Each structure stands twice: as C-alpha cells, then as structure tokens.
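Student: Have a look at this one.
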Amino acid sequence: MKLTVIAKIAAFASPLLVAGLVVAQTTGGIHSLRGAAVDQELEPPEVYPQQLGREVRNYRQQPPTIPHSMTQYQIDLRTNQCLSCHDWTNAGDRGAPTLSMTHYLDRNGNQLDTVAGTRWFCTQCHVPQADAPALVGNDFEASSISR
Amino acid sequence: MLSLLDLLGTIGGSILGLPGILGVALGMTTRNWIVAMILGGAIGVLSPLVLGGHHSAHVPITTLEYSVSTIIGLLAGLVGCAIRHKGARV
Amino acid sequence: METNLGEYRQTVHYNNHSGVRAICSDCHVPHEWQYKMKAKVMAVKDVYHEVMGTINTSEKYEHRRLEMAAAVWKKMKATDSRECRNCHAFEYMDFTIQETRAAQNHQRAVDENMTCIDCHQGIAHDLAPGYLEEYQHVVETLAQSKLQDGSGGVDVASIKSYLGISAD
C-alpha cells in the first residue's frame, strides 16, 4: 500500500521536475556579469584624463573635486595619505588647501585635533575631476550658473 | 643593534670588495711586510674614492667607512704577504 | 616577505603605462660593489627573521611595519636616496612636462637639498599609522648623529672634481 503511494508520487513528481528544468532553461536564460561570451572581445572603457586647475563648485555644499591624480594614494584603516598635505598640520608647509574645520568635528560636535573618523575616507565625497560624460542621464542644473 | 650590524656590513663589504681582494693580491707581490702593508693600506684609502659616491646622489662617505676600508686593506696586505711567505717555504 | 611583495604589486613601480617594471633589488640593493656587498652582509638579519618567523602572520607584520619602514627610511635618507636615483635623477627630469604641483615641489627639493624619500614614503609599500611623525623622528636622529660625528665624513664629490674624474 505504502509503496504504491510513493510510486504514484514519484510518477507525478519526476515529469514535473524535468518539465520545470526545461522551462527554466528556455525562458530565463543566464546572463554573465561580463555582458558577452567568453570568447568575445569587449570594447575597453574610455579613459578620461585628469583636468587641471581647480573647478568651481556647482552648488554651495558641493565637496570640491580633486585637481590632481590620486590613484596611488593609500586611504585605509591605517593611513590616509591625503592628510600628508591637506591636514592642518601640513597644509601650510605643502601649499595645499586645508581641510574645512567641519572635518575635525566628531558626531557629538566636539572639536578634535585630528580628522574625525566619520570624515576619514576622502573619496566618499571628493572625486578626481575629469571631463567624463555622466554615467546616468540627469537634468541637473548648477545653481552657480542659473542664478 | 643596527649600528653593530652596520659595522659588520661595512667590514664584510670591504673584505669582499676592492680593499680585501686587491689588498691580498698586492700583498702577495712582495715578501717585505712593510711594503705589503703600505700597498694594502693605499688600496684601502683609494677604493672609497674610486668606487664610492654616486653619479647623481650626494652620498657622504663616513669616517667609519673610510677607516674600516683602510684597516681591512692593511690586514689584507699582510695576509697576502703571509701567503707569499708560506708559499715560498713549501 | 610575501606581504610586502603583494602590496608592491599594486603600485606604479610594478603596474604602469610604460611597461617598465622595477623589482625588489632595484630599490633595496645598491649598484656599487662595496655597498652591494654590505647590503648582502646586512641581509643576514632579514634571512634570520624570515626563518624564525618574526613577521609570518599579518598581525605580527602590522605590529612591526612602522619599525621596518623606519629602518629603510633611515638608510635612504642617509644615502640621499641612492637607489631611487639609479633611475630617477633631478638632472634627467623635465620639469616642464611634469604636473605643475610636481614640478614646483621638485624645484623646491633641488633648492633645499631634499631627497626623494623626504616626500615619497609609501610609494611601494603600505604605510603604518603615524608614519609622518616616525619619519620626522628618523630625520632628526640622523641629523643628531651627523652633528656628533663632527666632520660629516669625506666629501668624495669635491675630491673627484678636484682630480678631474667626475662620474658623468
């Protein structure tokens, strides 16, 4: 009795499983993250060189963009190499703009002598400037121009 | 610690360099101990002048380096002379 | 010796646009015979610590990173960054095609008798926290030991130029 029940279930289940696999194969399709087959060559992304000279801000609170190359600068848990010129202790000597004093305020509003941990990773806000097309279309208008 | 290593390195460098090698060679040219010492010492004095320095960097040669090279040159000259003496008797 | 090699492989001296690559010995072993032999004798210490496993985990490595970096900085500062200058010399630089910021600072370095490592720390290996203070400390101790030495060594360059045998 028990055996026949199991046999019946199996008889239903196995065609269903096979049918499901077939449907999954034909409809869904698998896309690689690379966007092309392995043997296909992809167009390399365009390289946009650094823009020299300091850019004007597009709106009042825009983080200033970086007018120099910084690909080799170490910014991690141990060291922030940007600070070797831009920290207030070195900026005068190196002729670099000092960090705004808001970067020395911790989240409770205490003034610190070293950069606050919340502001440690420069590239979260500041990016190297390049005349590259926008990655995503938008209709942003700079407030510095429209006014 | 590091300065001891530095001293050892300087001595080793001198032995393996011009004062050591050429010092022994020149020492072997004579049986006279004094001449051997003078020849070895001369090489010791000359070698930092000839080989030291750099085409672009201004590397000062320290007095320690200089004296080590001279002493090693002297000793190498003596060793060379000793080899000559030993060799002559066989 | 694996940690620092891995870090080095991320840097511009290993991966760059021109396809020229420097290897460990280009920066860490002098070209001149006597200094090369000296470096090789002194490398006994490195071999010893490698065998004894002084820096064989990343925790141990991080713990000693600043100390090890300071030892190399000291060597480079004392020799006027000799190994850098086997390839990079102020005489070979065209300041007009450098980035403005770089050209200005290189001119300043020439004027003030600075050396490569004074600014370019951490170009080949990661930096530890507090590296600027440690470098300052290295410079000060070197200056002090030079003062105690008095004579400051023998000026080979002037003797060579007096004798008329200047290497290029």
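Student: What's the total number of residues in region C:134-151 that are in contact with a helix residue (DSSP H, G or I) (Cβ under 8 Å, 6 or more places away or on another chain) and in a loop (DSSP other than H, G, I, E, B)?
Tutor: 1
Student: Look through region A:115-147, keep the residues that are of a type in the set (S, T, N, Q) and in contact (Cβ under 8 Å) with a residue 24 or more places away in the chain, and return whichever of them is surrounded by the most Cβ atoms within 10 Å (Cβ to Cβ).
Tutor: In this case the residue turns out to be A:GLN129.
Student: Can you pull out every residue in region B:50-74 that is over 24 Å from C:CYS84 (Cβ atoms) and at the interface with chain C (Cβ under 7 Å from one of its Cβ atoms)?
Tutor: Result: B:THR63, B:TYR66.
Student: Which members of region A:93-111 meet the condition of being more than 14 Å from A:GLN61 (Cα to Cα), hydroxyl-bearing (Ser, Thr, Tyr) and in a loop (DSSP other than H, G, I, E, B)?
Tutor: A:THR98
Student: Where in region C:21-133 are the helices (runs of 4 or more DSSP H), entirely inside, with at least 1 residues that are within 13 Å of chain B (Cβ to nearest Cβ) and in contact with a Gly (Cβ under 7 Å, 6 or more places away or on another chain)?
Tutor: Those helices (runs of 4 or more DSSP H) span C:33-42.
Student: Tell me yes or no: at least one residue of region A:44-61 is part of a loop (DSSP other than H, G, I, E, B), modelled with pLDDT of 80 or more and farther than 27 Å from A:ASP131 by Cβ.
Tutor: no
Student: Among the residues of region C:72-97, write down those that are closer than 19 Å to B:GLU65 by Cβ and in contact (Cβ under 8 Å) with a residue 40 or more places away in the chain.
Tutor: Across region C:72-97, the qualifying residues are C:LYS74, C:MET76, C:LYS77, C:ALA78, C:THR79, C:ARG82, C:GLU83.
Student: For region B:1-36, which residues satisfy the criterion of being over 12 Å from the mean Cα position of the chain (by Cα), within 15 Å of C:VAL41 (Cα to Cα) and not in a helix (DSSP H, G or I)?
Tutor: Once the filter is applied, which keeps residues that are over 12 Å from the mean Cα position of the chain (by Cα), within 15 Å of C:VAL41 (Cα to Cα) and not in a helix (DSSP H, G or I), region B:1-36 yields only B:MET1.
The values are calculated or read from the model by the stated rules, or taken from the named source; none is laboratory data. Values in this document were obtained by computation on a predicted structure and should not be read as measured data. Quick reminder, even Gly has a Cβ in these numbers, built from the backbone with ideal geometry, and neighbours come from all protein chains shown.
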